[in-house]
Amino acid sequence: MLTLTDKDMTLLKSMTKPPAAVRIVLEATCIMCSVSADRIPDPNDMSRRIMSFTGPATKLINRPKFLQFLVNFDIETVPKKNLNKIRNNYILK
C-alpha cells in the first residue's frame, strides 16, 4: 500500500477498462468500504440486470485523499459479513 503514488492513482483513474486483477481489487475495496454495486443492464442479455462495481469503484477512487484513506484504513472497522463476502467471493474462489 505504501508503494502506491499519486501517479499510480492518476493512471488508475484514467483506465476506462482496467485489467481483471485491478477490477477484482477495486470490487473488494468497495466491499470493505461498504459501497454497494450498481444494477446495470447485462451487455449479453438486455432483458437481465447484473451487479457492477465499475461506477461505485470509480466514485470511490475519485474521492479526495483516497490514497491517504487507504493508508490509514482500519481493517477492524470492516463488518464481519463484508470480510466473509470477500473471503468467499475473491480469496477462496
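The values are calculated or read from the model by the stated rules, or taken from the named source; none is laboratory data. Quantities reported herein were computed from a predicted structural model and do not represent experimental measurements. A quick note on method: Cβ atoms are made from the backbone with ideal geometry, for glycine too, and the neighbour counts reach across all protein chains shown. Just the protein is used for accessible areas: all its heavy atoms, side chains included, with ligands, DNA and RNA removed. Shrake-Rupley method; radii C 1.70, N 1.55, O 1.52, S 1.80 Å.
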Counting only residues that are open to solvent by less than 60 Å² (accessible area, probe 1.4 Å) and under 11 Å from the mean Cα position of the chain (by Cα), segment 35-49 contains a total of 2
Filtering segment 50-85 down to residues that are in a loop (DSSP other than H, G, I, E, B) and closer than 24 Å to Lys17 by Cα, which residue is least open to solvent (accessible area, probe 1.4 Å)?
-> Phe53
A careful count of residues in segment 15-34 that are open to solvent by less than 70 Å² (accessible area, probe 1.4 Å), among the β-branched types (Val, Ile, Thr) and over 11 Å from Phe53 (Cβ atoms) gives 1
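Within segment 16-49, take every residue that is in a strand (DSSP E or B) and in contact with a Pro (Cβ under 9 Å, 6 or more places away or on another chain) and give me the one that is nearest to Arg87 (Cα to Cα).
Asp38
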Candidate set from segment 59-78 (those that are in contact with a helix residue (DSSP H, G or I) (Cβ under 9 Å, 6 or more places away or on another chain) and touching a residue at least 40 places away in the same chain (Cβ under 8 Å)); member that is farthest from Leu2 (Cα to Cα) = Val78
